[in-house]
Structure formats: C-alpha cells, structure tokens
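To start, the structure under review is shown below, and the notes come after it.
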Amino acid sequence: MNKKWYACELHCHTLHSDGQFSVKELIDTAVERHLDGIQLTDHNTTSGHDEVVNPPIPVLKSIEWTTYFGHMHAMNCDRYVDWRDAVPDNIDEKMTQVHEGNGLIGVCHPYQLGTPICTGGRWDYNVKDWSLVNYMEIWSEGCPFMNTPNRRTRDLWHSLLDEGFRITPTFGRDWHRATRDVYHSACTYLLCEGELSDMKIKDAVKNGRSVISMGPLFYFSIGDKTMGDEVLAGEQTLEFTLSFERMEKMGVPEKVVPEVIKVISKGGATVAEINPTCPRTEITLKENAWYNAELWGKIDEKENCLIALTAPVYVKGEN
C-alpha cells in the first residue's frame with residue numbers, strides 16, 4: 001500500500017469552548033484550506049464530538065486539558081480522565097491514565113506567555129518521565145516564525161531528543177476563528193498508508209511521521225526510510241523532497257523562497273547545509289544519534305525564516 005503525506009491541523013476550537021466556529025464551520029473552513037484532516041480539541045469538553053457526523057475529511061476527536069499549570073492534548077482517549085485535580089507533581093500519573101485509555105499526550109505551546117496574558121498557557125508541570133509525552137507543538141498559533149516561545153520550544157525538544165525521548169514535532173494553529181490567520185497554509189503534514197482516517201492521524205503522530213511547515217511539503221528519505229524510522233549508522237544518502245502543490249492550490253506559493261536545507265543532529269547542531277536546487281547529500285550518520293532537517297529562506301520578503309522542519313530519523317547500529 002502506498003504511503004502519502006497529508007496536510008492536517010491538530011489544534012482546533014469551536015463554540016463548544018472559546019472558538020468562534022461551529023463544528024460544521026470548522027470542518028468547512030478546513031476543507032476550503034485544502035486540509036486533509038483535523039483534530040478537534042475544545043477546552044476541557046467533548047461536547048462537540050457528537051456534531052461530527054459523516055464529515056468530508058477525517059476529524060480526530062480529542063480534548064485540550066486547560067489548567068492553571070499548562071495546556072495538554074489528550075488525543076482520542078476512550079475514557080474520561082479528570083483534569084481538574086492535575087497539579088505539577090502528579091502530571092505523570094495523569095498522563096499514564098490517558099495512555100491507559102488508549103490516548104496520546106501532546107504538550108501545547110509550552111513557552112506561551114502565561115499569567116496575566118494567558119493563565120495556564122505556559123507549561124509548568126513537573127514531568128518526570130518524558131516518554132509519556134507523544135508530541136509537542138514546536139510552532140504554535142497562526143505565525144510559524146521562530147519567535148522566542150517557538151525557539152525555546154525547539155530547544156527543549158532538541159534536549160529531549162538528546163536524552164533519547166522520541167517526541168513528534170507538530171504545528172498547532174490553536175484555531176479559534178477564520179480571521180486574523182495570516183499564514184493560512186501552515187500545517188502539520190502526516191505520513192500515512194492509503195486513505196487518511198482519524199485513526200491514521202493518531203498512528204502517524206504516535207510513530208513520529210510528521211513535518212511542520214509554513215506551507216510546502218518538505219521531507220527526506222534514506223533509501224526506503226523516512227521520518228520516525230530507525231536507520232543504520234555510517235555513510236548514507238539523504239534525498240530531499242520539496243512540493244508546493246497545496247500552496248499552489250491555495251494561490252500562495254510566491255510567499256516562500258527556499259534558500260538552504262540544514263541537517264540537524266545532537267545538541268541542535270547543524271551538520272550539513274545544502275542548496276534546495278540540489279536536494280541530495282551524503283552524510284556519515286553517527287550511532288545513537290538523531291537527524292532531522294530544516295528548510296530556511298524568505299517568507300513574505302522576510303529573511304532567514306524557518307519554513308519547514310521534519311521529525312527525526314534515529315540511528316542505531318553500524319551500516
């Protein structure tokens with residue numbers, strides 16, 4: 001069965017919490033923006049789930065825990081886990097309960113401004129076991145530039161990868177309304193086999209098959225391996241793919257000018273830079289390391305912008 005990359009939005013709100021969309025309006029707007037699937041994550045409620053009936057695109061039914069100590073997605077948990085008594089020192093226990101309900105855990109905008117701007121928006125939970133966290137919003141809200149909160153989140157993610165934790169990077173628009181979204185094309189691309197479904201969205205996030213992007217699809221492969229896979233140490237050929245197909249459908253490809261591809265590894269160090277017009281490079285991969293790729297260039301004439309970022313591949317044995 002063929003694998004395909006799908007454009008998804010994993011952080012959405014409706015009138016059932018503090019969004020301005022009805023559930024139908026949210027889904028219709030997602031279709032208009034050429035999104036292939038979404039995750040419904042209203043604050044502390046699943047009341048909108050019953051309104052998802054035969055949607056034209058897959059809708060993964062989830063919830064955003066919204067507390068004084070941070071916001072967290074409980075992705076597609078099959079039971080109610082009480083968020084009201086979550087405090088910094090019991091969050092591991094709470095996340096374990098979500099996992100026991102077949103849910104996944106996503107950390108939302110961990111370095112968002114907190115009180116008094118957004119009470120609870122900053123992540124203040126004391127996570128003892130980061131293996132309980134499945135994904136993290138490396139970019140959040142409508143603008144995917146590397147502002148201070150996004151840069152700090154990427155640094156945190158790098159440090160957790162260095163410690164051996166496999167946490168999937170995602171983009172979260174934190175979508176409340178159709179207006180004031182400057183970069184409509186930003187999304188999380190997920191790699192799935194065959195036709196997309198709500199459960200395939202969940203599986204792709206669980207298995208680290210993601211790319212976050214201002215719009216273009218950007219990823220690399222090593223033979224038949226790609227994001228989320230384990231690869232062999234030693235000299236390997238990385239082949240990069242860059243596609244503007246979705247942005248062309250939206251009429252916005254001219255906003256982005258790729259200029260350099262950076263290969264990133266332990267410590268967030270850049271280990272190679274290549275020209276996007278020659279999307280192939282040879283790299284010696286080190287054992288017990290991780291490697292991901294970043295695409296940099298211009299966005300709306302702004303220089304030195306991070307355009308897209310892939311999930312890593314993980315290196316184990318010798319080639």
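Here is how the numbers come out for the structure above:
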| read-out | value |
| --- | --- |
| Residue ID - modelled with the lowest pLDDT, chosen from residues in the stretch 99-115 that are surrounded by fewer than 22 Cβ atoms within 10 Å (Cβ to Cβ) and not polar (S, T, N, Q) | GLY114 |
| Subset of the stretch 182-228 [of a type in the set (D, E, K, R) and within 27 Å of CYS305 (Cα to Cα)] | ARG209 |
| Residues being open to solvent by 20 Å² or more (accessible area, probe 1.4 Å) and under 19 Å from the mean Cα position of the chain (by Cα) - total across the stretch 247-261 | 0 |
| Residue that is modelled with the lowest pLDDT [pool: residues in the stretch 292-319 that are farther than 21 Å from PHE244 by Cβ and open to solvent by 30 Å² or more (accessible area, probe 1.4 Å)] | ASN319 |
| Breaking point among (1) at pLDDT 95 or above; (2) under 17 Å from the mean Cα position of the chain (by Cα); (3) crowded, with 21+ Cβ neighbours inside 10 Å; (4) not small (Gly, Ala, Ser), for TRP139 | (1) |
| Any hit, the stretch 176-187, residues being of a type in the set (Asp, Glu), open to solvent by less than 40 Å² (accessible area, probe 1.4 Å) and either closer than 24 Å to TYR314 by Cβ or at pLDDT below 95 (or both) | yes |
| Residue in the stretch 294-304 that is within 19 Å of the chain's Cα centre (by Cα), under 30 Å from GLU32 (Cβ atoms) and not acidic (Asp, Glu) present | yes |
| Filter result for the condition that a residue is open to solvent by 40 Å² or more (accessible area, probe 1.4 Å) and in a helix (DSSP H, G or I), over THR29, THR96 | THR96 |
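A quick yes/no check of all residues on (1) assigned to a loop (DSSP other than H, G, I, E, B); (2) in contact with a Cys (Cβ under 9 Å, 6 or more places away or on another chain); (3) of a type in the set (Asp, Glu); (4) within 20 Å of VAL127 (Cα to Cα):
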| position | (1), (2), (3), (4) |
| --- | --- |
| TYR6 | no, yes, no, no |
| GLY19 | yes, yes, no, no |
| LYS24 | no, no, no, no |
| HIS49 | no, no, no, no |
| PRO56 | yes, no, no, no |
| ASP82 | yes, no, yes, yes |
| ILE91 | no, no, no, yes |
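The values are calculated or read from the model by the stated rules, or taken from the named source; none is laboratory data. Note that the structure is predicted; figures quoted are calculated from it, not measured. Ideal geometry is used to build each Cβ from the backbone, glycine not excepted, and the neighbour counts take in all protein chains shown. Just so you know, the surface numbers come from the protein's heavy atoms only, side chains and all, with ligands and any DNA or RNA stripped out. Shrake-Rupley method; radii C 1.70, N 1.55, O 1.52, S 1.80 Å.
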